[in-house]
Structures are given as structure tokens and as C-alpha cells.
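Everything below concerns the one structure shown next.
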Amino acid sequence: MKRSPRTLVYSLIRVVGVGALLLLLIGSLGWVYRSNFLTGSLKVELAKQGDIKHQQIVSVVFASEETLLKAPAAGTPKFLVQEGERIRKGDPVATIQSGGVVLGQDNLAQSNTLVAPIGGLVYSATDGLETFLTPEHLLSMDVSKILQQTVAGSSESGAETTAPAPQSNPSDREAQASQPSQDAQRAQSSGVSVDSGKVIGKIVNNLLPTVAVIKVDTQGYEVGKNVKLLINDQSFTAKIMRLLDDPQGLVVQFNQYIDGTSRQRFQEIALVVKPTVSGILIPKSSLWIKGEEQGVYVVQESAIQYRKVKILDENDEFVCVENLPHGIPVIINPRTGLDGLTINIKNVTQL
């Protein structure tokens, strides 16, 4: 029995339709497989707001104006102020308890009071460097010889020469009188005695600026210009006073006394080489050149897109760019053929 032409047409249409559906299904599966294959090894990192800092760790030697405190008589010194407390010129600093023999009688206790020759911060610890490691010497004398003496002086005197530490005066500081410092307790229990004229401490003038030697290559630096330094995470500005050849470095003067530098003269600090730049940070590995443009591949609604960026600054790990929003996923190991592919962020390694 012959089929009608209409039946043959319908059969052909069904065959063509089924074939088209199969091709569409195979194509879709192939596209999904291609996307998964090409994106399976991709790594993503979120763009983030941050700073590019240019800092160099340098060795520094600090100097401040310091005046030695000497015992006015032989005996046992007892400080009347706290360690590091600021006093004014003429204020009592310490007493020297001593005994003597009068006409064959028993020893009679005597007390001599030491008053502050200048105003400043009182410390009982000295290191033997107070007389030659001074701001005046660093600004006008041979720094090389001063630093050589500094090394020799510090090695001869040891770490620090510590006299009995200061304690509170009960009449002035009642709240602290019942609990003297540990240093003061050790000094009282040891009963250390000193000769007349012996150094028992020092006063640091914290109203005068600190001067320092920075050991660094002097190329690019000029006398009269300012440098920025980070000391214990605090930012300071200092003026360049001298350029040194031996040792190579800078003599700088701060606009204030830098707290703690009279007790810790030798430090490693950060020198700010260039100004900090803020912006969006992405890994350097994410940059990709497309034609004459430089940009990155980002993920927007599961689709990979190429975005042109403007580089503001960079370091060894990151670049600081414009034209990217904070938090957008960035492909950090890009390659060709990513445009238009879809990606499931949940299945991608995020760093």
C-alpha cells in the first residue's frame, strides 16, 4: 500500500526534528563539557581594597640630650620618682643614705638629696654612651668615629649599667606608694652602695628633638628634605641634616623627642621609600594583555568577562588598579579562550 505524499512529508519532518533536537542536545552537552573542561583548573581571588606600601627596613642609631646623675656622697641611693617619670629642674630626684662616725659614737645616718640639674625623664639605667652619642656630636662631628666609640663603649659597659630603680614618693603619689616597682624592690633588698660621684642614673631632655643616623644608600636624598619613618607602627617625619659617606647614611632630626629611644638606641625600623598608593588590589598573575589593552578576567553573574584596568602602582605580589569594584571575583591564572565561558564559583579554588 502506497503512502500518501503528506505522510511522507510528516515522517521527514519528524526525522529532521528529532535529528535537530539530538544535535542541539549534543551541542549543549559539548558546550557544558567544554566550559567545565576549560574552567575546571581556574583559580579565583576576590579583588580587595588595600594599599601598596614602599618601605625599606633600615638600621638606626638614636641620640637625645642626656644628663648623667651622680651621687653627691657615698651611700645607698634611693630614687624618689618613678622610672621614666618627667620632673622639672630643681626637683628632688634621689636621696643618698650614708653613715658616719662622730667622736667615737655609733654610726649616724645621714641623707643627701640629689636634685635634678635639668628637666626631663628620669632613668636609673645607663649604658656608658650618654657623653658622646649626643645630637650635637652627630650633627657636627665625625659620625664614623662616634659610632666606633659607640660599639666599643657598649661592649665595655655591657648591656646596661643599672642603679637602684626609682620608686614613688608616698607624699606625692599615695596611690602608688603601697606597691613599689620590681626594680625598686630588688634595689632595696640588695642594699647597693655607691661611691661619691658615681653615676646612678640619667635625665633625658624630652623637650628637645631626637637625632638619628639611618644606615641607607644616600642616592636620591638631599639635605633639607624630609623622610618618613615607621617606628613601632607609628609614623614620624624627620629632616635630613647630613649625608654620610662612611658609614653611608643620613643624619636626620625629628621634630620631637621619640619616646623610648634613649633606652633602645639601636633599632630596625621602616623607611618609607615612596608614598603609599591606595586602590583595588589584585594579584600580579591575574593581569592579561588582550591586543593593546591590559586587563583582567572577572566573573560577573557566572560569566567570564574581560575588563580593562588602569594600573596605579605595584609591588612584588600585587598591582593596585582602577576600574574594578571591591569584591569582584578575578581569575588569577588566565589564558586564552575564556571569553563568554560560564563558571561555577563554588567549584573553583578561591584564594
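The values are calculated or read from the model by the stated rules, or taken from the named source; none is laboratory data. Quick caveat: nothing in here was measured; it's all calculated off a predicted structure. A quick note on method: Cβ atoms are made from the backbone with ideal geometry, for glycine too, and the neighbour counts reach across all protein chains shown. All accessible areas refer to the heavy atoms of the entire protein, side chains included, with ligands and DNA or RNA removed. Shrake-Rupley method; radii C 1.70, N 1.55, O 1.52, S 1.80 Å.
With the largest listed first and rounded to whole Å, the semi-axes of the equivalent ellipsoid of region 197-299 from the Cα gyration tensor are 42, 17, 12. Expressed as a whole percent, the accessible area of region 223-351 that falls on carbon and sulfur atoms is 45 (1.4 Å probe). Sparse packing (at most 12 other Cβ atoms within 10 Å of the Cβ) combined with a DSSP loop state is found for the following trypsin sites (Lys or Arg not before Pro) in region 268-339: Arg335. Pairs from the list Lys145/Lys198; Lys202/Lys239; Lys215/Lys284; Lys48/Lys310 with a Cα-Cα gap above 25 Å: Lys145/Lys198; Lys202/Lys239; Lys215/Lys284. Rolling a 1.4 Å probe over the heavy atoms of the protein chains gives region 191-269 an accessible area of 53 Å² per residue.
Rounded to the nearest whole Hz, the Karplus-based 3J(HN,Hα) values (6.51 cos²θ - 1.76 cosθ + 1.60, θ = phi - 60°) of region 131-147 follow the sequence 7, 10, 8, 10, x, 4, 5, 5, 7, 10, 10, 6, 5, 4, 5, 4, 5, with x at glycine and proline.
Proximity of backbone amide H atoms, modeled 1.01 Å from N, is registered between His54 and Val273, Lys274 at under 5 Å, excluding neighbours fewer than 5 places apart on the same chain.
Measuring with a 1.4 angstrom probe and ignoring ligands and nucleic acids, Ile52 comes out at about 0 Å² accessible.
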